[in-house]
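Before any comments, here is the structure.
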Amino acid sequence: MPRVKRGTHRRASRKKVLARASGYFLTKSKLYRAAMEAVDRGLKFAYVGRKRKKRDFRRLWITRINAAARVQELSYSHLMSGLRKANVGLDRKILAELAVADPQGFAEVASLAKKALAE
């Protein structure tokens, strides 16, 4: 059975880790073990951040919609309930964009919700 040498594979994987760690401070960008720990930690934060981003944007959209709904004398929950009853299929992202960019259009959507709530 032939022997297996792992020199190039080992060097390649170490180079990949050190390349990811370039720009890190002091030994974290130069020494393999420290770079490995820093890269693992960074990847963990990146993963969590991708999940967190979704939460943060939804929270921002709800805040913007609520502020615009209060101007129309509705609470956020009543607005969303009215839109559901009126079968308006706009999601929070679009509603928030309407609230910021086109207040007149948002007022029309809010009036639909008010009408559906009154029925």
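Tabulated data
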| item | result |
| --- | --- |
| Residue under evaluation Leu90, criteria (1) part of a helix (DSSP H, G or I); (2) open to solvent by 40 Å² or more (accessible area, probe 1.4 Å); (3) within 13 Å of Trp61 (Cβ to Cβ); (4) not basic (Lys, Arg), criterion not met | (1) |
| Residues within the stretch 1-53 that are surrounded by 11 or more Cβ atoms within 10 Å (Cβ to Cβ) and among the basic types (Lys, Arg), tallied | 8 |
| Qualifying residue in the stretch 28-45 (condition: within 26 Å of Arg11 (Cα to Cα), among the hydrophobic types (A, V, I, L, M, F, W, C), modelled with pLDDT of 95 or more and not in a helix (DSSP H, G or I)) | yes |
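The values are calculated or read from the model by the stated rules, or taken from the named source; none is laboratory data. Everything numeric in this text was worked out from a predicted model, so none of it was measured. Backbone-built Cβ (ideal geometry, glycine too); neighbour counts: all protein chains shown. Note: areas computed on protein heavy atoms with side chains; ligands, DNA, RNA excluded. Shrake-Rupley method; radii C 1.70, N 1.55, O 1.52, S 1.80 Å.
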